[in-house]
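The values are calculated or read from the model by the stated rules, or taken from the named source; none is laboratory data. In this text the structure is predicted, and so the values were computed from the model without any measurement. For neighbour counting, all protein chains shown are included, and Cβ atoms are generated from backbone atoms with ideal geometry for every residue, glycine included. Only protein heavy atoms, including side chains, enter the accessible area calculation; ligands, DNA and RNA are left aside. Shrake-Rupley method; radii C 1.70, N 1.55, O 1.52, S 1.80 Å.
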Amino acid sequence: MGRCVLALDEGTTSARAIIFDRESNICGVGQYEFTQYYPKPGWVEHDPEEIWLAQMRAIRTALERAGASPEDIAAIGITNQRETTVLWEKSTGRPVYHAIVWQCRRTTDIVEEIKKDHYNLIKERTGLVPDSYFSGPKIKWVLDNVPGVREKAERGEILFGTIDTYLIWKLSGGKVHVIDYSNASRTMLFNIHTLKWDEEILEILNIPKAILPEPRPSSEVYGYTDKGVFGATVPISGDAGDQQAALFGQACFKPGMVKNTYGTGNFMLMNTGEKPYRSENLLTTIAWGINGKVEYALEGSVFITGAAVQWLRDALKIIEVAPEVEPLAASLVSNEGVYFVPAFVGLGAPYWDQFARGLLIGITRGTRRAHLARAVLESIAYLTNDVLIEMEKDSGIKVTELRVDGGAVNNNFLMQFQADILGTKVVRPVIQETTALGAAYLAGLAVGFWKDLEEIERMWKVDRIFEPKMDEVTRKRLYGGWKEAVKRSLGWTKSLRDLGWEI
Ligand SMILES: Nc1ncnc2c1ncn2[C@@H]1O[C@H](COP(=O)(O)OP(=O)(O)O)[C@@H](O)[C@H]1O
Ligand SMILES: O=P(O)(O)OC[C@H](O)CO
């Protein structure tokens, strides 16, 4: 057996490849960004072929840095930005359109229409709150809008996949067309109780079943890499959506354990074991399928968090690099009544308002860059609190520690403010690449590279704990101001549409 495991972490902005050894040390990393396409306001696309090339380049770099060859790899685990939708031609492998990204809002009207009659059916069977976030409406959009694709799909000539499916298909030389349960549970087409594609929802959205991949557990051998593509024949044996993989990488194996990932968006997941909890404002999702059983999670998906820091950097240019936001925010002792709501693409959990838009409020002549920096960071913590409140209510479990990961957790100001607003301790682990690590664990377990969950649990180590310090009066006042700001951001594009705006 090879001496290491390769994880492919294909995120919203970059494709990464990370090689881990048996002690879960990182031996080599490759990472390449790819283009974000914004063809219209609210639309977001990626080029699947560019993702594939970035991913292959990342693999080569990671191998080189680890001093490893393809033969040294015992197994490959895939983890990915979820919901992002690709349709391609079975015979040529050519995508028929760009990938429609999870953040893309082009299907708002499709979703509003199906919500009218089918809200409860979709919620019951898929665990999801109908929203243009998910893959189903995006597939329908491609079938309805790209000339000739529906006809080809009906003749069985088209395949659909989320990015994991697409990468596995490419790595296997076009032989394996699968999706794991965690990714399938984000399509809004998958019955999370029966673990099958839901015929009725497929009919509602008019999607031919022949294009769909085969749903499989998250840790088993799906197939092997094509030697001509990868350089060796290696088992592909782990697949999970990036947020579920992070829950696994954080060793949140017991019901009630919670992690929050701070990346482009924030995604808080609570392991609820073999029981799918029903929730009005959070998502019920599949955490993973492993060892012959399926475990579920409650999820609060917040669409824009770190992306708002990127916006400060790239659009407003008030910082040059993301970490600069920390001293800038900390240069103020309070937000001085300035709040920011990062509803760039509407609001996800727990508000689910496709028409909300971003808002900055409370500004005066004295407002400076520092206020913006602080308001952006504070908004991340408030949104996390919104989700945690719902999660505790729906699960009946009091969360006593929040395990955190993702690009923004190095921001100590944010982590301390987070603990203060939650009134709960925030725990940062030593290895923050938990998403890739989760995918590596799932792949490694399937081939016996690691023995069991206990072995993995022992490898998880604390870096730093942030204890809440803020007094209750200040906490209530700050969070109260946030709730007022959110109210004012809701339904904005709906109001404009009522006035005749085409938006
Ligand atoms: N010190 C920081 N403070 C706040 N946000 C940060 C900091 N460093 C990085 N970020 C944000 O974290 C995100 C990158 O995290 P990452 O986990 O790599 O995201 P993703 O996997 O979604 O691409 C970016 O949106 C960036 O703006
Ligand atoms: O690319 P990330 O890490 O921000 O994750 C995106 C999520 O999977 C979207 O559901």
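The table below lists the values:
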{"item": "Enumeration of residues in the range 139-189 that are modelled with pLDDT under 95 and of a type in the set (Val, Ile, Thr)", "result": "none"}
{"item": "Qualifying residue in the range 388-396 (condition: β-branched (Val, Ile, Thr) and surrounded by 21 or more Cβ atoms within 10 Å (Cβ to Cβ))", "result": "no"}
{"item": "Selection from the range 213-234 of residues that are within 21 Å of the chain's Cα centre (by Cα) and outside any strand (DSSP E or B)", "result": "Pro213, Pro217, Ser218"}
{"item": "Residue list for the range 2-15, restricted to those being within 17 Å of the chain's Cα centre (by Cα) and surrounded by fewer than 24 Cβ atoms within 10 Å (Cβ to Cβ)", "result": "Gly11, Thr12, Thr13, Ser14"}
{"item": "Selection status of Asn260, under 30 Å from Ala343 (Cβ atoms) and modelled with pLDDT under 95", "result": "no"}
{"item": "Subset of the range 287-329 [more than 16 Å from ligand 2 (Cβ to nearest atom) and crowded, with 19+ Cβ neighbours inside 10 Å]", "result": "Gly289, Ile290, Val294, Glu295, Tyr296, Leu312, Ile319, Val325, Glu326, Leu328, Ala329"}
{"item": "Pick from the range 330-342, criterion open to solvent by 20 Å² or more (accessible area, probe 1.4 Å) and in contact with a Gly (Cβ under 7 Å, 6 or more places away or on another chain), ranking: nearest to ligand 1 (Cβ to nearest atom)", "result": "Tyr339"}
{"item": "Single residue of Leu478, Leu496 found to be within 25 Å of Val409 (Cα to Cα) and either modelled with pLDDT under 95 or part of a helix (DSSP H, G or I) (or both)", "result": "Leu478"}
{"item": "Meets criteria (touching a Leu at 6+ places or on another chain (Cβ under 9 Å), outside any strand (DSSP E or B), open to solvent by 20 Å² or more (accessible area, probe 1.4 Å) and not basic (Lys, Arg)) for Tyr97", "result": "yes"}
{"item": "Residue check for Thr12: touching a helix residue (DSSP H, G or I) at 6+ places or on another chain (Cβ under 9 Å) and either modelled with pLDDT of 95 or more or polar (S, T, N, Q) (or both)", "result": "yes"}
{"item": "From Gly249, Gly256, residue being touching a residue at least 12 places away in the same chain (Cβ under 8 Å) and either surrounded by fewer than 24 Cβ atoms within 10 Å (Cβ to Cβ) or over 20 Å from the mean Cα position of the chain (by Cα) (or both)", "result": "Gly256"}
{"item": "Whichever residue in the range 418-451 is open to solvent by less than 10 Å² (accessible area, probe 1.4 Å), within 16 Å of ligand 1 (Cβ to nearest atom) and not aliphatic (A, V, I, L, M) and, among such residues, is farthest from Val473 (Cα to Cα)", "result": "Gly438"}
{"item": "Residue list for the range 259-274, filter: within 16 Å of ligand 2 (Cβ to nearest atom), under 16 Å from Asp394 (Cα atoms) and free of Cβ contacts under 8 Å to residues at least 60 places away in the same chain", "result": "Leu269"}
{"item": "Residues (part of a helix (DSSP H, G or I) and open to solvent by less than 30 Å² (accessible area, probe 1.4 Å)) located in the range 353-370", "result": "Ala370"}
{"item": "Any hit, the range 250-264, residues being within 16 Å of ligand 1 (Cβ to nearest atom), over 27 Å from Phe344 (Cα atoms) and in contact with a Pro (Cβ under 9 Å, 6 or more places away or on another chain)", "result": "yes"}
{"item": "Pairs with Cβ under 6 Å, 6+ apart, first in the range 462-489 and under 26 Å from Leu360 (Cα atoms), second charged (D, E, K, R)", "result": "Met470/Asp420"}
{"item": "In the range 171-209, residue least open to solvent (accessible area, probe 1.4 Å) [restricted to those that are free of Cβ contacts under 8 Å to residues at least 60 places away in the same chain and part of a helix (DSSP H, G or I)]", "result": "Leu202"}
{"item": "Residue list for the range 330-344, restricted to those being within 16 Å of ligand 2 (Cβ to nearest atom) and at pLDDT 95 or above", "result": "Pro342"}
{"item": "Verdict on Glu113 being outside any loop (DSSP other than H, G, I, E, B), closer than 30 Å to Arg155 by Cα and within 16 Å of ligand 1 (Cβ to nearest atom)", "result": "no"}
{"item": "Evaluation of Lys469 against (1) out of contact with any strand residue (DSSP E or B) (no Cβ under 6 Å at 6 or more places or on another chain); (2) under 24 Å from Val409 (Cα atoms); (3) surrounded by 19 or more Cβ atoms within 10 Å (Cβ to Cβ) (one fails), failing number", "result": "(3)"}
{"item": "Unique match (being of a type outside the set (S, T, N, Q), within 24 Å of Tyr181 (Cβ to Cβ) and either modelled with pLDDT of 90 or more or open to solvent by less than 10 Å² (accessible area, probe 1.4 Å) (or both)) among Lys115, Lys123", "result": "Lys123"}
{"item": "Failed criterion for Pro147 (all others in (1) in a loop (DSSP other than H, G, I, E, B); (2) in contact with a helix residue (DSSP H, G or I) (Cβ under 8 Å, 6 or more places away or on another chain); (3) without any contact (Cβ under 8 Å) to a residue 60 or more places away in the chain hold)", "result": "(2)"}
{"item": "Filtered residues of the range 47-64 (kept if open to solvent by less than 40 Å² (accessible area, probe 1.4 Å) and aliphatic (A, V, I, L, M))", "result": "Ile51, Ala54, Met56, Ala58, Ile59, Ala62, Leu63"}
